[in-house]
Amino acid sequence: LNSQQRNQLMRHRNEAIRKRAVALFENLKPTDRMAVYEEYKSVLSLKGNARNGKRVFNQSCISCHVFSGEGHAVGPDLTGIRSQPAEVILLHILVPEFEMMPIYTQYNVETRDGESFSGILAGETSTSITLKQALGIEQTIPRSNIASITSGSLSLMPQELEKTMSRQDLADLIAFLKGGE
């Protein structure tokens, strides 16, 4: 969970959820994402394997991104990222909100019946809003059931993605995004 999602749970209307979230998350300190980027720049000197990078993409990215026609269009289509320098690709992986287009703003909705949803705004009418989530899943929520809606400054893309893969996997992912398979 990113810090915005953790904070949302720690402010949840349901007391049991709020207490559990506070117990789990209150001592977690946010990381300095630019410091992580600086620490991970050494990944750029590793020789990347695009074939393994495709596997990493399919495991970590395809649920929200399209690349060469494959994936789910929740976040930006990454097909054109090939022309970007590897340093820029690494930056966007490690610091997702470094440069975020407004259409990818994450919205957090808490409903009157205690459910919480996060996603990008896919549509709205006078009676409902629709959030798009990972895998392109759309959640339509009647406005009459919305207790609160907030937009955040964080990307829907997970923070600390580097913790889910090795440095070599990260180099391989960049190789795949730079040249495909």
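The values are calculated or read from the model by the stated rules, or taken from the named source; none is laboratory data. Since this is a predicted model, take the numbers as computed values, not measurements. When we count neighbours, we look across all protein chains shown, and the Cβ atoms used for this are built from the backbone with ideal geometry, even at glycine. For accessibility, only protein heavy atoms count, side chains too; no ligands or nucleic acids. Shrake-Rupley method; radii C 1.70, N 1.55, O 1.52, S 1.80 Å.
Going toward the positive end of the dipole of the chain, with +1 on Lys and Arg Cβ and -1 on Asp and Glu Cβ, which of His92, His12, Ala134 do you reach last?
Of the listed residues, the answer is His12.
Trypsin sites (Lys or Arg not before Pro), restricted to the range 40-71: which are DSSP loop and have at most 15 other Cβ atoms within 10 Å?
On the way: sites: Lys41, Lys47, Arg51, Lys54, Arg55; in loops: Lys47.
Of the trypsin sites (Lys or Arg not before Pro), the ones in loops of the range 40-71 whose Cβ has at most 15 other Cβ atoms within 10 Å are Lys47.
Using a probe radius of 1.4 Å on heavy atoms only, what accessible surface per residue do you get for the range 56-132? Whole Å² is fine.
Details: 3650 Å² over 77 residues.
Value for the range 56-132: 47 Å² per residue.
Give me the one-decimal nm value for the distance between modelled label points at Ala86 and Ser151, 7 Å along each residue's Cα-to-Cβ direction.
It is 3.6 nm.
Treat each spin label as a single point 7 Å out from the Cα along the C-beta direction, and report the Thr105 to Val22 distance in nm.
Calculated label separation equals 3.0 nm.
Taking all protein chains in place and a 1.4 Å probe, what share, in percent, of the accessible surface of the chain do carbon and sulfur account for? Kindly include the intermediate steps, with their values, before the conclusion.
On the way: 5240 of 9980 Å².
Percent of accessible area from carbon and sulfur atoms in the chain: 52.
So what is the relative contact order of the range 102-181, in percent, for Cα pairs below 8 Å that sit 6 or more residues apart?
On the way: 113 pairs, mean separation 22.8, N = 80.
Relative contact order for the range 102-181 comes out at 29 percent.
Note down the magnitude of the dipole of the chain about its Cα centre, charges +1 on Lys and Arg C-beta and -1 on Asp and Glu C-beta and zero elsewhere, to the nearest 20 debye.
Working: 20 positive and 20 negative charges, 63 e Å.
The dipole magnitude comes to about 300 debye.
For the pair Leu46/Met165, report the inter-label distance in nm, with labels modelled 7 Å from Cα in the Cβ direction.
Between Leu46 and Met165, the label points sit 0.9 nm apart.
Mind telling me which of Arg167, Arg20, Arg33 comes out most flexible in a GNM of the chain, alpha-carbon contacts under 10 Å?
Among Arg167, Arg20, Arg33, the largest mean-square fluctuation in the Gaussian network model of the chain belongs to Arg20.
Which whole-number percent is the relative contact order of the chain (Cα, under 8 Å, 6+ apart)? Could you put the intermediate results ahead of the total?
Details: 290 pairs, mean separation 53.1, N = 181.
It comes to 29 percent, rounded to a whole number.
How big is the gap, in Å, between the Cα center of the range 72-99 and the Cα center of the range 35-50?
The range 72-99 and the range 35-50 have Cα centres separated by 15 Å.
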